[in-house]
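The values are calculated or read from the model by the stated rules, or taken from the named source; none is laboratory data. Source: prediction; values computed, not measured. Quick reminder, even Gly has a Cβ in these numbers, built from the backbone with ideal geometry, and neighbours come from all protein chains shown. For accessibility, only protein heavy atoms count, side chains too; no ligands or nucleic acids. Shrake-Rupley method; radii C 1.70, N 1.55, O 1.52, S 1.80 Å.
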Amino acid sequence: MKLIVLLIIAVILYFIARSYKTEKFANIKLDIKEKFEGDLMQHEAGLLVALMAKVAKADGEVCELEAQLLKHTLNDISRHFENQDEIREKLKDIYKKEKESFNNTLEICQNLYKLTKNNYQKRVKIMEYLLNLAFIDKDFSNTEFMITEDIAKALQIKTEDFQKLVNAFETFYKKQKEAEGISLEKAYEVLEARKDDDSNTIKKKYRTLVKKHHPDIIAGQGASQNIIDEATNKLQEINEAYEIIKKSRGE
């Protein structure tokens with residue numbers, strides 16, 4: 001049983017390392033299998049999936065990326081059991097049941113804490129995995145924050161450790177968004193334009209906004225440095241939006 005628990009945690013760490021490269025794990029043996037026929041809600045695997053269900057449904061819906069991560073997790077966990085097909089189906093049933101209500105979240109956490117009481121770092125890694133799931137759609141909602149914070153408290157994870165994890169994910173996705181740039185839809189929004197506007201109309205709106213937000217013009221009006229800096233950032237956004245729209249139109 002202890003071996004299976006270690007294997008499950010190894011899978012969790014593998015996902016974290018693969019997605020964020022925060023750690024490297026070598027020589028993880030995944031070819032040893034055992035048979036488990038007990039109640040999975042008394043096993044770390046079942047409790048983990050139950051908490052995943054709570055987090056995935058925290059914002060009211062499960063996005064495609066969350067669904068894919070859940071699918072891979074169920075497959076990776078179940079394949080370490082001799083009766084893997086049976087285990088996979090049981091884990092699916094747990095997920096379907098537990099996503100319907102948040103009422104027993106504290107109880108699930110308490111049971112998981114009992115199994116991991118003497119391994120704080122394991123609980124931190126489980127929390128990191130749950131935050132991975134919450135952040136994977138790049139939108140960490142207030143509801144997701146509240147439920148993950150409640151889980152962290154119930155697992156007796158230190159507030160500073162929980163916040164460090166949240167900050168790390170926020171920094172990661174902020175950099176990712178900056179690298180991706182703005183979308184075409186956002187570009188039209190920035191230029192206060194519509195997709196059916198012709199190129200001349202787009203150009204006029206662009207020039208109007210440039211005159212309105214150009215930092216030199218703002219500075220000439222006697223604005224403070226903060227206002228000038230904001231105008232500079234806005235002008236950069238306007239220029240980027242205009243280039244995206246022109247590129248989309250082959251101009």
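Figures for the structure shown
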| read-out | value |
| --- | --- |
| Coarse-grained scattering of the stretch 168-222 at q = 0.27, 0.31 Å⁻¹, given as base-10 log I(q)/I(0) from a Debye sum over alpha-carbon atoms | -0.97, -1.10 |
| Solvent-accessible area, 1.4 Å probe, carbon plus sulfur percent, for the stretch 142-251 | 48 |
| Extension reserve of the SER183-ASN167 stretch, reckoned as 0.36 nm per residue once the Cα distance is removed | 3.3 nm |
| Cα-based equivalent ellipsoid of the stretch 127-251: semi-axis lengths in Å, sorted from largest, via gyration tensor | 40, 20, 10 |
| LEU106-LYS247 pseudo-label distance in nm [points 7 Å out on the Cα-to-Cβ vector] | 5.1 |
| Mean accessible surface per residue for the stretch 99-251, computed with a 1.4 Å probe while every protein chain stays in place, in Å² | 62 |
| Kirkwood estimate for the stretch 138-210, i.e. one over the average of 1/r between Cα atoms, Å | 15.6 |
| Flagged links, alpha-carbon separation over 25 Å, of LYS153/LYS175; LYS164/LYS186; LYS71/LYS186; LYS204/LYS234; LYS92/LYS174; LYS57/LYS125 | LYS153/LYS175; LYS164/LYS186; LYS71/LYS186; LYS92/LYS174 |
| Distance between modelled label sites at ASN233 and CYS63, nm, 7 Å Cα→Cβ extension | 2.3 |
| For the stretch 190-251: relative contact order, % (alpha-carbon pairs under 8 angstrom, 6 or more apart) | 37 |
